[in-house]
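Let me begin by presenting the structure, written as structure tokens, before commenting on it.
The values are calculated or read from the model by the stated rules, or taken from the named source; none is laboratory data. Computed from a prediction, not measured in an experiment: that's the story for all the values here. Don't worry about glycine lacking a Cβ; one is built from the backbone with ideal geometry, like all the others, and counts go over all protein chains shown. Keep in mind that these areas ignore ligands, DNA and RNA; they rest on the heavy atoms of the full protein, side chains included. Shrake-Rupley method; radii C 1.70, N 1.55, O 1.52, S 1.80 Å.
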Amino acid sequence: MSVLVRFGVSLEGRLLDKFDRLIRKRGYATRSEALRDLIRQELVKKEWEEDQEVAGTITFIYDHHRRGLSSRLTDLQHDHQEIIISTQHIHLDHHNCLEIVAVQGRASGVQKLANALRSVKGVRHGALSMTSTGKSIE
Ligand code: NI
């Protein structure tokens, strides 16, 4: 773990009031904790923008009764084994399945896979959660 450094920040009172209201609403115990999170958020954003090694989850729902859809989605995942860490399948109800695909790899590859899965006909909704491998935000 790296050494803790203290530094002063100057900003307008009104802006600080807004910041305090925001972090209270989000449940942060201190300004320092909120600031650390904001910095890490920007660093993770940069990892994705610069096509670095990232991690995340691709989540989508679909109707498993639709002909050929389940096997199309499975085929796509078999074609991207180098990116996919694991897949969780949940039978939501009689029609709907929820799949959570954990991924790690180059940002562009992960985004490409997310787009491919989301755009398969019959996938009702899909979302990519972009996070980090954690290595560059310690
Ligand atoms: Ni299912």
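Inside region 108-124, residues that are more than 21 Å from L43 (Cα to Cα) and touching a residue at least 24 places away in the same chain (Cβ under 8 Å) make up a count of 10. Could you tell me which residue of region 62-118 is farthest from the ligand (Cβ to nearest atom), considering only residues that are of a type in the set (K, R) and at pLDDT 95 or above? The qualifying residue farthest from the ligand (Cβ to nearest atom) is R106. If the Cβ limit is 7 Å and pairs must be 6+ apart or interchain, which residue in region 125-138 that is within 10 Å of Q41 (Cβ to Cβ) pairs with which residue that is modelled with pLDDT under 90 and open to solvent by 40 Å² or more (accessible area, probe 1.4 Å)? Short answer, once both residue conditions are applied: none. The residues of region 31-75 that are open to solvent by less than 90 Å² (accessible area, probe 1.4 Å), over 17 Å from Q104 (Cβ atoms) and in the same structural domain as L117 (by TED's automatic domain parsing), listed by number, are F60, I61, Y62, D63, H64, G68, L69, S70, S71, L73, T74, D75. Checked against (1) at negative phi; (2) touching a residue at least 24 places away in the same chain (Cβ under 8 Å), G105 passes all but condition (1). The residues of region 97-138 that are closer than 12 Å to I58 by Cα and either among the polar types (S, T, N, Q) or open to solvent by 70 Å² or more (accessible area, probe 1.4 Å) (or both), listed by number, are Q104, Q111, K112, N115, R118, H125, S129, M130, T131. Please determine, by comparing only the residues of region 17-61 that are small (G, A, S) and closer than 15 Å to L128 by Cα, which one is farthest from the chain's Cα centre (by Cα). Ranking the candidates gives A55 first.
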